[in-house]
Amino acid sequence: MKMLVRRAQCGDADAFISLMEENRQALYRVACGFFQNQEDIADAMQETILDAYEHIRDLKKAELFRTWLIRILINNCSRIFNYNKKNCSTDEIPEIESMDTGNANVEFRELLNHLPSDSRVIFQLYYGEQFTTREIGVILNMKESTVKSRLHRGKEQLRAELW
């Protein structure tokens, strides 16, 4: 991936497209930790791709590309979430029906819905994207101990609700 990042930083559009394709599913899964609405997920992903394209030359370490990209996504999700919170009453939010497809990803997303919003992204990054607690701390600008405690509290909450 380092080579693709370096090529993209030199202006190779095909390399950038390849990078986005490699990370598309990860972006989608993390955005699902913020939103259930597919339009908001698509908006966050689109903004992230645009921001990454515009600023890829600013990335100093190619090996940190994935972390850098997820951080951009989280910033965009937070901005969209806050905008929606200010501009949408709860009466306007549509009910989302659960899809019972037996798919592990759907089940995981349903589990995430039982968690407080500040823990959802941490769970998605840790269990869904296999980031370490240290990496999550860097991405979310929080102490590693805070990440660990939110993971622990979230697991306890899920145990209490599901068993």
Any hit, the stretch 107-114, residues being modelled with pLDDT under 85, assigned to a loop (DSSP other than H, G, I, E, B) and on the phi < 0 side of the Ramachandran plot: yes
Residue within the stretch 75-98 that is among the β-branched types (Val, Ile, Thr), under 14 Å from the mean Cα position of the chain (by Cα) and at pLDDT below 90 present: yes
Helices (runs of 4 or more DSSP H) wholly inside the stretch 3-91 that include at least 1 residues being acidic (Asp, Glu), open to solvent by 50 Å² or more (accessible area, probe 1.4 Å) and without any contact (Cβ under 8 Å) to a residue 40 or more places away in the chain: 13-32, 38-55
Qualifying residue in the stretch 126-134 (condition: among the β-branched types (Val, Ile, Thr), touching a helix residue (DSSP H, G or I) at 6+ places or on another chain (Cβ under 8 Å), open to solvent by less than 10 Å² (accessible area, probe 1.4 Å) and assigned to a helix (DSSP H, G or I)): no
Close pairs (8 angstrom Cβ cut-off, 6 or more residues apart or separate chains): open to solvent by less than 60 Å² (accessible area, probe 1.4 Å) in the stretch 147-163, part of a helix (DSSP H, G or I) and among the β-branched types (Val, Ile, Thr) anywhere: VAL147/ILE122; VAL147/THR133; VAL147/ILE136; ARG150/ILE122; LEU151/ILE122; LEU151/THR133; GLY154/ILE122
Selection status of ASN141, modelled with pLDDT under 70, loosely packed, with under 13 Cβ neighbours inside 10 Å and polar (S, T, N, Q): no
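The values are calculated or read from the model by the stated rules, or taken from the named source; none is laboratory data. Computed from a prediction, not measured in an experiment: that's the story for all the values here. Cβ: placed from backbone, ideal geometry, glycine included. Neighbour counts: every protein chain shown. For accessibility, only protein heavy atoms count, side chains too; no ligands or nucleic acids. Shrake-Rupley method; radii C 1.70, N 1.55, O 1.52, S 1.80 Å.
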